[in-house]
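A short write-up of the structure that comes next.
The values are calculated or read from the model by the stated rules, or taken from the named source; none is laboratory data. Nothing here was measured: the structure is a model prediction, and the numbers come from that model. Neighbour counts are summed over all protein chains in view; Cβ atoms, including those assigned to glycine, are modelled from backbone coordinates with ideal geometry. For accessibility, only protein heavy atoms count, side chains too; no ligands or nucleic acids. Shrake-Rupley method; radii C 1.70, N 1.55, O 1.52, S 1.80 Å.
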Amino acid sequence: MSNSRPAIGIDFGTSNSAIACVGPQGGARLLPLEADATNIPTALFFDAESGSTHYGRDAVSLYLAGHEGRLMRSLKSLLGSSLMQEQTEINHRRVSFEQVVSMFLAELGSRARQAFGTGGDRAGDAFGSVVMGRPVHFVDDDIERDRHAEDTLRRAARAAGWGEVEFQFEPIAAAFDFEQRIDRETTALVVDIGGGTSDFTVVRLGPGRSQADDRSSDVLATAGIHIAGTDFDQRLSLDCVMPLLGLGHVGPSGREVPSRTFFDLSTWHLINWLYAPRAIRQAQDLRKDYTETRLHDRLMRVLAGRHGHRVANEVEQAKIGSSSSGGEAVRLDIEFAEAGLSALLEGPGLQHYLAPLLNKVVGCATECVRRANLSAGSLGAVYLTGGSSALRPFQEALRAAFPNVELVEGDLFGGVAAGLAYTAAARSQTQAGRR
Ligand SMILES: Nc1ncnc2c1ncn2[C@@H]1O[C@H](COP(=O)(O)OP(=O)(O)OP(=O)(O)O)[C@@H](O)[C@H]1O
Ligand SMILES: [Mg+2]
């Protein structure tokens, strides 16, 4: 029975999510999740006035339009942390972050069923095998917390009606998607740089191999690190915007203003905590640490107006703008902190500010190749996927690490979901074969 139902791949991303299916004819298809778009920002907005919940672009645009309410982004970054079980108040109801993840996954399920025109309440009943992606490490260097993160996601998916989901490493899924487009055998380094994590695999790929039941011997190595797009945004915010609100500012006692608030304000998944009454009081108390209280006024305006995600969004857009324009200076509007206030991201700044992070990410890529017992020169291709793989300084650093190897730019946002659906289809075939 499960074999006749479509196999599903769910890419629950830090920044964007996507779902693909493989039907009886084979070939993965990405499902429309928000109007015609086949990817949806992993975002929820709880509208305080109407009490309604919004998802994706709709959520982000209501927040940016100034609607009263609460925006949540980067939920995946909380997996594996103790914050996941913390309760938060949403429209007069106390819910845990795990429940918020579950709400998002339930909405994905409902939209996926809609794309198929399938009735019923539970996505798990409409579909066959379901495979969900996971980074190589949810949490770096902590196996226990990493397992805890996967368990939490599995539980959230079950509570969302998806039934029992299996997991696959996101870079391996991306590799299987790449494999559909090659016509000869190759050994590739697959590079998936997303919003929360950078993940790598070295894998043997080929048209004849994709039919094999068990691909584990083709996966020569995997590696991953918890540094990606949201960390680039954090770094740029700390360097370019936070000094305007008081980071690094020396107060009357000769000491700098304590930096914690600025770190949280620059970190996508921590922004919401700054709006709690206790955090607001702590921020208010910082006033004595400022010589120029005007800077403190700016900080308090950002917090009181709940503009934290607006700052993060401005920084993210400036990062993408500077990268895409090949290094032009980009001005960030932070008018909401003070009339006429703006910050500047200088063109060469992108490379300068991000170099330490990019070095770690590229170091993880070379480590992956080393673990596969290969030299850089013996790779057939380096395949790029994930939104942050488009970042120009990253591509330059990767080219320098793997000279003479072809860099193939893949689908930035859909490849992982497609590869997960291929994995789901292969697993349901194996299960059917066993019966
Ligand atoms: N053109 C671009 N240049 C640089 N960065 C970009 C570009 N487009 C998107 N990004 C960044 O890509 C990231 C999102 O990528 P993606 O959707 O692949 O991540 P994700 O799958 O949600 O995250 P993860 O896989 O880590 O859980 C964001 O940080 C975004 O700022
Ligand atoms: Mg991803």
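Laid out as a table, the results:
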| quantity | calculated |
| --- | --- |
| Candidate set: the range 96-150, residues that are of a type in the set (Val, Ile, Thr) and assigned to a helix (DSSP H, G or I); chosen: the one nearest to ligand 2 (Cβ to nearest atom) | Val101 |
| Hits in the range 33-91 (condition: in contact with a Leu (Cβ under 7 Å, 6 or more places away or on another chain), within 16 Å of ligand 1 (Cβ to nearest atom) and among the hydroxyl-bearing types (Ser, Thr, Tyr)) | Thr38, Thr42, Tyr55 |
| Qualifying residue in the range 151-158 (condition: surrounded by fewer than 24 Cβ atoms within 10 Å (Cβ to Cβ), away from ligand 2 (no atom under 16 Å from the Cβ) and more than 20 Å from the chain's Cα centre (by Cα)) | yes |
| Complete set of residues in the range 7-58 that are open to solvent by less than 20 Å² (accessible area, probe 1.4 Å), assigned to a loop (DSSP other than H, G, I, E, B) and within 16 Å of ligand 2 (Cβ to nearest atom) | Phe12, Gly13, Thr14, Leu33, Thr42 |
| Matching residues, the range 186-204, being more than 16 Å from ligand 1 (Cβ to nearest atom) and in contact (Cβ under 8 Å) with a residue 60 or more places away in the chain | Thr186, Thr187, Ala188, Leu189, Val202 |
| Residue satisfying all of: in the range 385-401; surrounded by fewer than 21 Cβ atoms within 10 Å (Cβ to Cβ) and more than 9 Å from ligand 1 (Cβ to nearest atom); nearest to Ser325 (Cα to Cα) among these | Pro393 |
| All positions within the range 240-262 that are assigned to a helix (DSSP H, G or I) and open to solvent by less than 30 Å² (accessible area, probe 1.4 Å) | Cys240, Val241, Met242, Leu245, Thr261, Phe262 |
| Answer residue from the range 282-312, given it is among the small types (Gly, Ala, Ser) and assigned to a helix (DSSP H, G or I) and is nearest to Gln234 (Cα to Cα) among those | Ala312 |
| Selection from the range 93-125 of residues that are touching a residue at least 24 places away in the same chain (Cβ under 8 Å) and farther than 30 Å from Asp140 by Cα | Arg111, Ala112, Ala115, Phe116, Asp121, Arg122, Ala123, Gly124, Asp125 |
| Residue within the range 272-281 that is in a helix (DSSP H, G or I), in contact with a His (Cβ under 9 Å, 6 or more places away or on another chain), open to solvent by 70 Å² or more (accessible area, probe 1.4 Å) and without any contact (Cβ under 8 Å) to a residue 60 or more places away in the chain present | no |
